[in-house]
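Since the structure comes first, as structure tokens, the remarks are kept for the end.
The values are calculated or read from the model by the stated rules, or taken from the named source; none is laboratory data. In this text, all values refer to a predicted model and were calculated from it rather than measured experimentally. As a convention, Cβ positions derive from the backbone with ideal geometry for all residues, glycine included, and neighbour counts pool all protein chains shown. These area figures cover heavy atoms from the full protein model, side chains too; ligands, DNA and RNA do not enter into them. Shrake-Rupley method; radii C 1.70, N 1.55, O 1.52, S 1.80 Å.
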Amino acid sequence: MKITKLFLIALSVSLFVSCSNDESDNEPKGVYDNGFFILNEGSAGQGTVSFSSDDFSSFTKDVYTAANTNDLLGKYAQNIFFDGDRAYIIAGSNVINVVNRYTFKLIAKIESGLVNPRYGVVKDGKAYVTNANTYAYQNAETGNTDDYVAVINLTTNIVESKIELNATANRIVLEGDKLYITEPYNSDKLLIVNIPNKMLETPITIGSSADTLEEEDGTLYILRNPYGDRSEIVKVKLSDKTTSKITFPESLDGNGYLDIYNNQIYYTVSNSVYSVNINATSASTTPIVTASSVANLYGFAVNNDRIYIADSGDYKADSKAYIYSLNGTLQKELTVGVGPNGFYFND
């Protein structure tokens, strides 16, 4: 009898703890959980971050100011990257704002060791952030060759070292213990940085004007838009550094963006979105959607079975973000800040 009672009590406690843990796991971690951020560049003014819940029931146009009344994000907001419960917001005015990704409360600012920071990734407690440093019009002798990767200790929020690139630094992807960096100007190379020894490896020739890149199952997919030549998606197999290409026909002419989702390559040309399987050898010329109201497609992502498009507008007034289903049906139009340039998902 006593054993039965003890067993029932133990079972009851176990079920209570289990249910409590399940409920806790499903509870939002903060106001800005279960949704997505839209980063707004801000042009000459201050950048902002907008937020929408996944079901569109909640929207805040400027979450940073809402959470940090007496602080400014910085000019030319460029990129957001995450590590645990923290978000790192890069502003081109040489600051990285460290916030709680679920409340957006400011934790720290990284303001030393940065010059025109661009994009960042995280590995083993350290952030690696590309810095555009000076441009050719600023310094003819070193412009476009003095860029570097800032190595940031995320415990102290201090830039502890730099990896000199002797090249232009822009988009960055982490895979294993290596960084892959596109050079958008005056180069046909994909840079490779070995993280353990902080040294450059032999670059891979991919063609000039490379920009957006994504990694999927050991292959890099890189969109390049060379002036006066055909646009291409370059595939780089990282195991042996071999390359293959999808060359766009003349009808697909114009700068664009690229994302990978569910074994599909999604890419943009002007204000249209296309997709092909990751194993395709030729481009699709049939758009999924053409966003006729978008004057200048400036931000793009595919996630959660949706296509996300941002319109830069005139870089002076608030602009728009549009969310479509994967078959091209408009689901939501949002009025966001000035110059929206990217989407970041907080699920």
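When region 322-333 is limited to residues that are aliphatic (A, V, I, L, M) and closer than 15 Å to Thr268 by Cα, the one that is least open to solvent (accessible area, probe 1.4 Å) turns out to be Ile323. Within region 183-212, residues that are among the acidic types (Asp, Glu) reach partners that are open to solvent by 60 Å² or more (accessible area, probe 1.4 Å) and not in a loop (DSSP other than H, G, I, E, B) with beta carbons closer than 7 Å, at six or more positions or on different chains, in the pairs Glu183/Lys189; Asp188/Thr205. Criterion applied to Asp253, Asp311, Asp211 was being in contact with a Lys or Arg (Cβ under 9 Å, 6 or more places away or on another chain) and closer than 21 Å to Val336 by Cα, and the one residue passing it is Asp311. A count restricted to region 288-316 and to residues that are open to solvent by 50 Å² or more (accessible area, probe 1.4 Å) and in a loop (DSSP other than H, G, I, E, B) stands at 9.
Yes or no, residue by residue, for (1) over 16 Å from Asn303 (Cα atoms); (2) open to solvent by 60 Å² or more (accessible area, probe 1.4 Å); (3) touching a His at 6+ places or on another chain (Cβ under 9 Å):
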residue: Thr243; (1), (2), (3): yes, yes, no
residue: Glu250; (1), (2), (3): yes, yes, no
residue: Gly254; (1), (2), (3): yes, no, no
residue: Tyr261; (1), (2), (3): no, no, no
residue: Ile265; (1), (2), (3): no, no, no
residue: Ser275; (1), (2), (3): no, no, no
residue: Asn279; (1), (2), (3): yes, yes, no
residue: Thr285; (1), (2), (3): yes, yes, no
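The set of residues in region 145-181 that are more than 13 Å from Gly120 (Cα to Cα), open to solvent by less than 20 Å² (accessible area, probe 1.4 Å) and not acidic (Asp, Glu) comprises Ile163, Leu165, Ala167, Thr168.
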